[in-house]
Amino acid sequence: MLTTLHTNTAAEALERLLDMGIEPYLLASAVRGILSQRLVRRLCNSCKKVYDISETEKRVLRLPTSINQLYRSQGCAQCFDIGFKGRIGIHEFLLYNQEIKELVLTRHNSRDIERQAILSGMLTIYEDGLLKVTQGLTTIEEVLFTTSEIER
């Protein structure tokens, strides 16, 4: 079954389903995973350029120390001087494993569920966004703007 819920994170979708009155044991037997996604603007391949970031920028943006360069674009005829062309998704996939099932069955909150999902290897939507930033697909500003209401 596929459905759409408007929540900020994959873990919040489980909490929303419980709030809607769905019994935890039903979720335990029916859910296999939850995908949360947002769209960000894709950098124009014709005019994107790499630039070096400072240690101060890394600290302010809370970027991993391994990231030394990011991308931006100035606009060109291909993108009508916007700097972006199209959109791409940033995602997080919460695999509904045994640990998550136990948290849902005992009605833990979404923060506890998310914490366990991260321990189990889930990339958060912000982390997936950062990955796409380092690949030159979008900008850090796009990811920060799109994920800003997600308080982690």
Can you confirm whether the range 128-136 contains a residue that is among the acidic types (Asp, Glu) and loosely packed, with under 14 Cβ neighbours inside 10 Å?
no
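Results for (1) in a strand (DSSP E or B); (2) farther than 18 Å from Asp112 by Cβ; (3) among the polar types (S, T, N, Q), shown as yes or no for each residue.
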residue	(1), (2), (3)
Thr7	no, no, yes
Leu18	no, no, no
Asn45	no, yes, yes
Val50	yes, yes, no
Lys58	no, yes, no
Ser66	no, yes, yes
Leu70	yes, yes, no
Filter the range 77-118 down to the residues that are among the small types (Gly, Ala, Ser) and more than 16 Å from Leu17 (Cβ to Cβ) and list them by number.
Ala77, Gly83, Gly86, Gly89
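Yes or no, residue by residue, for (1) touching a residue at least 40 places away in the same chain (Cβ under 8 Å); (2) under 18 Å from Thr147 (Cβ atoms); (3) aliphatic (A, V, I, L, M):
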{"residue": "Thr4", "(1), (2), (3)": "no, no, no"}
{"residue": "Arg16", "(1), (2), (3)": "no, no, no"}
{"residue": "Met20", "(1), (2), (3)": "no, no, yes"}
{"residue": "Gly33", "(1), (2), (3)": "yes, no, no"}
{"residue": "Ser66", "(1), (2), (3)": "no, no, no"}
Go through the range 1-32 residue by residue and tally those that are over 15 Å from the mean Cα position of the chain (by Cα), surrounded by fewer than 14 Cβ atoms within 10 Å (Cβ to Cβ) and not aliphatic (A, V, I, L, M).
8
Does Asp81 fit the bill of being touching a Gly at 6+ places or on another chain (Cβ under 6 Å), without any contact (Cβ under 8 Å) to a residue 40 or more places away in the chain and either loosely packed, with under 15 Cβ neighbours inside 10 Å or part of a helix (DSSP H, G or I) (or both)?
yes
Restricting attention to the range 109-119, does a residue exist that is within 15 Å of the chain's Cα centre (by Cα), touching a residue at least 60 places away in the same chain (Cβ under 8 Å) and surrounded by 15 or more Cβ atoms within 10 Å (Cβ to Cβ)?
yes
Scanning the range 108-148 for residues that are modelled with pLDDT of 90 or more and outside any helix (DSSP H, G or I) gives His108, Asn109, Ser120, Gly121, Met122, Leu123, Thr124, Gln135, Gly136, Leu137, Thr138, Thr139
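The values are calculated or read from the model by the stated rules, or taken from the named source; none is laboratory data. Everything numeric here is computed off the predicted structure, so don't read it as measured data. So basically every Cβ, Gly included, is an ideal-geometry build from the backbone, and we count neighbours across all protein chains shown.
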